[in-house]
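What follows is a single structure, written as structure tokens, with notes after it.
The values are calculated or read from the model by the stated rules, or taken from the named source; none is laboratory data. All figures in this text were calculated on a predicted structure; none of them were measured in a lab. Note that we place each Cβ from the backbone using ideal geometry, even for glycine, and neighbour counts take in every protein chain shown.
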Amino acid sequence: MIKSFFLISFSLVVLSANSNVSSLVKKGERIANVMCTKSKLPHSTDSIESIKKAIISSNACSHLNSSKLEAVSYYILNGISGKKSHHLVVPSDAKCPVCGMFVHKYPKWAAMMKHDGKTYYFDGVKDMMKYYIFDGDFPYNRKHISKMVVSDYYTIEEILAKDAFYVTGSNIYGPMGNELIAFKDKKSAKTFMAEHHGKKIVRFDEITGSMVMALDGIEE
């Protein structure tokens with residue numbers, strides 16, 4: 001009776017996106033305690049996607065839907081394993097200066113730029129690159145950009161924008177449609193590209209204005 005009441009109540013909880021990772025970890029721990037044999041859970045320190053597959057193959061949990069599976073995966077990555085990654089923390093009131101969306105709702109896609117003493121948050125790499133390439137007089141003022149970071153698609157780990165690998169043309173869409181999907185290493189980018197029909201892997205300096213516009217179906 002108590003377990004049933006807990007599961008019903010828990011399904012109604014709305015996670016605070018500003019603390020999305022810690023909330024997912026806590027959610028995952030509670031689900032694991034109720035719905036999983038914890039001794040059978042994998043102890044992977046790899047990507048969220050690989051942990052999901054390991055959970056399914058382990059048969060440690062029963063009847064996990066996609067959101068519960070993701071939560072348990074974050075619990076394993078950040079809780080059981082003890083691995084702590086630095087994630088981009090987005091203020092709850094931060095809006096993307098390009099499209100106006102609340103960025104904290106989309107942690108898997110979040111990006112950030114510090115320019116001339118101000119911090120800007122974006123709901124995807126595409127919008128950040130629009131701002132970088134087309135707005136803010138940046139072609140003449142980019143030396144005042146002190147930091148640009150993006151989020152790894154698999155782990156939500158914060159990555160310096162110039163260190164990331166970006167997949168274009170996949171069948172996975174961000175909050176604003178077609179995206180430049182970021183990864184911390186080339187291996188992850190290649191895995192994602194193979195699984196989601198990506199067309200190309202590019203580095204930061206290879207991203208052009210025409211490439212960004214093409215993601216929105218606009219040709220020069």
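Applying the condition of being among the polar types (S, T, N, Q) and part of a strand (DSSP E or B) to region 139-156 and asking which residue is modelled with the highest pLDDT yields S151. Of the residues S16, S11, the single one that is out of contact with any helix residue (DSSP H, G or I) (no Cβ under 8 Å at 6 or more places or on another chain), modelled with pLDDT under 80, over 28 Å from T191 (Cβ atoms) and surrounded by fewer than 18 Cβ atoms within 10 Å (Cβ to Cβ) is S11.
None of G124, G136 is surrounded by 14 or more Cβ atoms within 10 Å (Cβ to Cβ) and modelled with pLDDT of 90 or more except G124. Within region 55-71, the set of residues being at pLDDT below 90 and aliphatic (A, V, I, L, M) comprises just one member, A71. If you go through region 164-220 one residue at a time, how many are farther than 16 Å from A111 by Cα and either of a type outside the set (A, V, I, L, M, F, W, C) or in a loop (DSSP other than H, G, I, E, B) (or both)? The number of residues fulfilling the criteria is 27.
Within region 185-212, residues that are farther than 13 Å from E49 by Cβ have Cβ atoms under 6 Å from residues that are among the basic types (K, R) and modelled with pLDDT under 95 in these pairs: V212/K130, counting only partners at least 6 apart in sequence or on another chain. Restricting attention to region 167-206, the residues being within 17 Å of F122 (Cα to Cα) and either modelled with pLDDT of 95 or more or not aliphatic (A, V, I, L, M) (or both) number 11. Is it the case, given these coordinates, that M113 is in a helix (DSSP H, G or I) and either at pLDDT 90 or above or buried (at least 20 other Cβ atoms within 10 Å of the Cβ) (or both)? So M113 fails the test. No other residue among K118, K190, K143 is surrounded by fewer than 16 Cβ atoms within 10 Å (Cβ to Cβ) and closer than 20 Å to S92 by Cα apart from K118.
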